[in-house]
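S.K.: Below are the structure tokens for one structure; questions will follow.
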Amino acid sequence: MPTDELIIRLFCMVDDELGHVNKRSDAHLYPSEIVTIGLLFTLKGGRFRAFYRWLDANYRAFFPKLVERTRLQRLLRDHAEDTLPFLADPSFFTVVDTYGIELIHPRREGRSPRQLGKKGKSNGRSLVGIKLAWLINDAGEVVDWSWERANAADNVFRPLASAYDGETIALAEQGLREKDAPPSNIKCCERGMWNERFSIETNLSWVTELFHAKKLYHRVTSHLEARLWYLAALINCLLRLTDHKRSLAEFVI
């Protein structure tokens, strides 16, 4: 899909949800424009400085009142939760799984007292960063998400699924088991059982291959969480654009 068309279609989806949100009198960009830019940044991946140069050089006509780079970063942070309407409703069966995101190279661990990520393992691979957990429905859309530092055990994400007790049965890997945990809607499956769980692997492969989000460069919690908000919304928007055909390769920019 041509990038021009993708920007227009994403903006239309966003504006349908946020068109009623008024712009401040002294603001240059509408909330719909800010969220659309956030989705584009998440789709393109990489560092924000390079993304801003790309956007300014090629698509300023779509955003004629584009603000200065650092101001735009703060706007993306402040409007990240405007993507909440794009989260999906749970289905009868949902799937919960975790995904490791590297924030710094292991050799740089401990150099800063404000280091955001911690050293841990995800899918057998060591990294210094965080774990992102997604709860997805049977259409592959993200219902809810959470994150912790990479040294946390997977079972700390149990509340992500148990919050929907009575609405869905959440299929999970054995890592979400917890001794003496109260009965809940979480079903921890043995290897090879309930192959429906592998639908989330498709989503997470898009995060790696298409959105280049296996490594992020954020150093501040608020900006990291903003990126995760846009990431969840982007998956859902693109799935809806393709009518849930689960093929997003055409959206590479």
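The values are calculated or read from the model by the stated rules, or taken from the named source; none is laboratory data. Computed from a predicted structure; not experimentally measured. A quick note on method: Cβ atoms are made from the backbone with ideal geometry, for glycine too, and the neighbour counts reach across all protein chains shown. Surface areas here come from the heavy atoms of the whole protein model, side chains and all, with no ligands, DNA or RNA. Shrake-Rupley method; radii C 1.70, N 1.55, O 1.52, S 1.80 Å.
S.K.: Run down LYS214, LYS187, LYS179 and say which single residue is charged (D, E, K, R), touching a residue at least 60 places away in the same chain (Cβ under 8 Å) and open to solvent by 10 Å² or more (accessible area, probe 1.4 Å).
M.R.: On the way: LYS187 fails: touching a residue at least 60 places away in the same chain (Cβ under 8 Å); LYS179 fails: touching a residue at least 60 places away in the same chain (Cβ under 8 Å).
Selected residue: LYS214, the only one of LYS214, LYS187, LYS179 that is charged (D, E, K, R), touching a residue at least 60 places away in the same chain (Cβ under 8 Å) and open to solvent by 10 Å² or more (accessible area, probe 1.4 Å).
S.K.: I would also like to ask the following. Hey, among the residues in the stretch 217-231 that are assigned to a loop (DSSP other than H, G, I, E, B) and of a type outside the set (Val, Ile, Thr), which one's most open to solvent (accessible area, probe 1.4 Å)? If you could, list the steps in order and put the result at the bottom.
M.R.: So in the stretch 217-231, the residues assigned to a loop (DSSP other than H, G, I, E, B) come out as 217-220.
Narrowing further to those that are of a type outside the set (Val, Ile, Thr): 217-219.
Numbers: TYR217: 77, HIS218: 34, ARG219: 125 Å².
Looking at the filtered set, the residue picked out is ARG219.
S.K.: Please go through the stretch 69-98 and pick out each residue that is hydroxyl-bearing (Ser, Thr, Tyr), closer than 19 Å to SER184 by Cβ and surrounded by fewer than 21 Cβ atoms within 10 Å (Cβ to Cβ).
M.R.: Across the stretch 69-98, the qualifying residue is only SER91.
S.K.: With respect to the numbered conditions (1) surrounded by fewer than 16 Cβ atoms within 10 Å (Cβ to Cβ); (2) within 17 Å of PHE93 (Cα to Cα); (3) acidic (Asp, Glu), which one is the sole condition not fulfilled by GLU250?
M.R.: Failing condition for GLU250: (2).
S.K.: A follow-up question, please. Could you list, in sequence order, all residues of the stretch 106-125 that are more than 14 Å from LYS214 (Cβ to Cβ), open to solvent by 100 Å² or more (accessible area, probe 1.4 Å) and not in a strand (DSSP E or B)?
M.R.: ARG107, ARG108, ARG111, PRO113, ARG114
Per-residue answers, yes or no, for (1) within 19 Å of ALA233 (Cβ to Cβ); (2) free of Cβ contacts under 8 Å to residues at least 24 places away in the same chain; (3) in a helix (DSSP H, G or I):
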| position | (1), (2), (3) |
| --- | --- |
| LEU6 | yes, no, yes |
| MET13 | yes, no, yes |
| VAL21 | yes, no, no |
| GLY38 | yes, no, yes |
| THR70 | no, yes, yes |
| THR83 | yes, no, yes |
| ALA88 | yes, no, no |
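S.K.: Residue by residue through the stretch 114-136, note down the ones that are touching a Phe, Trp or Tyr at 6+ places or on another chain (Cβ under 6 Å) and within 7 Å of ALA150 (Cα to Cα). Even if it seems obvious, please write down each step before you answer.
M.R.: Step one: of the stretch 114-136, the residues touching a Phe, Trp or Tyr at 6+ places or on another chain (Cβ under 6 Å) are 130, 132-134.
Answer for the stretch 114-136, where residues must be touching a Phe, Trp or Tyr at 6+ places or on another chain (Cβ under 6 Å) and within 7 Å of ALA150 (Cα to Cα): just ILE130.
S.K.: Restricting the stretch 19-45 to residues that are open to solvent by less than 30 Å² (accessible area, probe 1.4 Å) and small (Gly, Ala, Ser), which is modelled with the lowest pLDDT? Don't jump to the end; show me each part of the working.
M.R.: Filtering the stretch 19-45 down to residues open to solvent by less than 30 Å² (accessible area, probe 1.4 Å) leaves 29, 31-43, 45.
Then keep just the ones that are small (Gly, Ala, Ser); that gives 32, 38, 45.
Working: SER32: 95, GLY38: 97, GLY45: 90.
Filtering the stretch 19-45 for residues that are open to solvent by less than 30 Å² (accessible area, probe 1.4 Å) and small (Gly, Ala, Ser), the one modelled with the lowest pLDDT comes out as GLY45.
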